[in-house]
Amino acid sequence: MLDPAIQARITRIKAPGRSALTDNAPVEATVKQVIDDVRKRGDAALHDYSREFDKVDVEHFEVSAAERQAAVDALDPQTRADTEFAIERVRAFAQAQRATLLPLEIEALPGLHLGHRIIPIARVGAYVPGGRYPLLSAPVMTIVPAKVAGCDEVIACLPPSAHQAMIAGCHLSGADRIFRVGGAQAIAAMAYGTQSIPAVDKIFGPGNAFVNEAKRQVFGQVGIDQLAGPSEIFVVADETGDAVTIAVDLLAQAEHDVRTRVGLITTHRALAEATLAEVERQLANLPTAGVAGPAWRDYGEIVVCEDEAAMLAYSDFIAAEHLQVHTRDAHATAARLRNYGSLFIGVSASVVYSDKCCGTNHTLPTMGAGRYTGGLWVGSYLKTCTHQWLDDRGVAAVGPPAIRQSASEGLEGHRRAAALRLAPKQLLAEIGV
């Protein structure tokens, strides 16, 4: 909950009409049925759900090599060039991140050797949403980091009705296998495996409420990246903010989905009122107003804070997926923020650049999850696994306290295992061996 002291220092110029936290459709039972059915019947269930949900009768789920190449060849040359530009930017940033993750070996005490290895996950699944538009950046964000991480195999699933360009995006990004299966049934297939689709170790990628719920239900059987809700953008701004720019950026994100959360948190009431008017003005000639308008009406928010401290505290409470900083000293303001998915520092750093091609990943925490986690990155595809080895000096150092602690806890088996290494003859005689 928001600290009452902060609540008292903010004024809502526009409050959301609905709650994104409680406004999810009751999909749990439907998803459970789908998962159970796919788990039992495999491909047969996938065929049935493709006909029921996607209105498509899919003969072969896997996209062939010839079909993959045909999808790439069908791309407009500029679209392909732009997609390859985005792939290279995401790859370069992921490679730079990967270089910071190093194996470790230390001698913690004489004879006590500890360490860790950085191990790629063997097989991962990338769910690529269909959506209203062919979002070519979606496969780039989930597949390219997996290849940089060194995963053995990347399985991509996308709805059978997805634009052909999305197959091209999966191919160019490096997917090893691509399947025409969407929705909760795709998540179930990747989690448990079917006759056509192999089971994976971890599933990545955003989707609708059914996909999100399916990821929640299969977690444990497989890993998941995160539970991502509808997209979000908030802007923190002082009196230097520009209403036109803020309105453009809010509506750019609002056109993703009618449930997108968008908002302005400012210390300047005049900016708040000007932004409210500017959003309404721009909606009048925005071609995607049919989506952006309902998002603004139902989930848009503008808050005026008494001072910068209250502005930063409220922003950290919201923990927005995308957080833009439009203040006089944007870098200084950014350094004081801690809860967000990705931070966009200064007016020139538009969310759209990250959404598409600048290199940072656009798969980010939503619904306040930025308080405890960051977004998708190359490390999400890696395991940090520890190891240890001891010589006689190490056993002499850790054996006695391990024996005493085990005895004090009443764990005789533990005590014996520790004592066997320290004084084997004595322990073997004690237990009658």
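The values are calculated or read from the model by the stated rules, or taken from the named source; none is laboratory data. These figures come from a predicted structure and were not determined experimentally. A quick note on method: Cβ atoms are made from the backbone with ideal geometry, for glycine too, and the neighbour counts reach across all protein chains shown. SASA here: full protein model, heavy atoms, side chains in, ligands and nucleic acids out. Shrake-Rupley method; radii C 1.70, N 1.55, O 1.52, S 1.80 Å.
A few comments on the model shown:
- The residues of the stretch 139-214 have, on average, 25 Å² of accessible surface per residue, using a 1.4 Å probe with all protein chains present.
- All alpha carbon pair distances within the stretch 181-243 were sorted into 10 Å bins beginning at 0; the resulting P(r) in whole percents reads 21, 42, 14, 11, 9, 3, 0.
- The charge dipole of the stretch 91-219, taken about its Cα centre with unit charges on the Cβ atoms of Lys, Arg (+1), Asp and Glu (-1) only, comes to about 380 debye.
- Expressed as a whole percent, the accessible surface of the chain that belongs to carbon and sulfur atoms is 54, based on a 1.4 Å probe.
- Checking the Cα-Cα distances for Lys32/Lys383; Lys40/Lys147; Lys202/Lys383; Lys147/Lys383; Lys215/Lys356 against a 20 Å cut-off, the pairs over it are Lys32/Lys383; Lys40/Lys147; Lys215/Lys356.
- Assigned charges on the beta-carbon of Lys, Arg, Asp, Glu; the chain dipole about Cα centre (debye): 1000
- Directionally averaged projected area (convex hull, Cα atoms, the stretch 331-433), nm²: 12.6
- The candidates Ile119, Ile203, arranged from most to least accessible area with a 1.4 Å probe in the full protein assembly, appear as Ile119, Ile203.
- Highest-fluctuation residue, Glu232, Glu280, Glu59 considered, GNM on the chain with Cα pairs under 10 Å: Glu59
- Once the Kirkwood radius over Cα pairs is known for the stretch 213-257, the Stokes-Einstein relation at 25 °C and 0.890 mPa s delivers a diffusion coefficient of 183 µm²/s.
- Once the 1.4 Å probe is applied to the protein heavy atoms, the stretch 1-99 comes out at 62 Å² accessible per residue.
- Taking all Cα-Cα distances within the chain, those exceeding 34 Å account for 44%.
- Evaluated with a Cβ-only charge set (Lys, Arg +1; Asp, Glu -1), the stretch 196-287 carries a dipole of roughly 440 debye about its Cα centre, given to the nearest 20.
- With the charge dipole of the stretch 284-364 set up from +1 on Lys and Arg Cβ and -1 on Asp and Glu Cβ about the Cα centre, the Cα lying farthest toward the positive end among the listed residues Ala320, Tyr353, Ala309 is that of Tyr353.
- Ranked by the mean number of other Cβ atoms within 10 Å per residue, highest first, peptides 205-214, 32-41, 296-305 order as 205-214, 296-305, 32-41.
- Label-point gap, in nm, between Asp391 and Glu107 - each point 7 angstrom along Cα→Cβ: 0.7
- Kirkwood estimate for the stretch 263-366, i.e. one over the average of 1/r between Cα atoms, Å: 14.9
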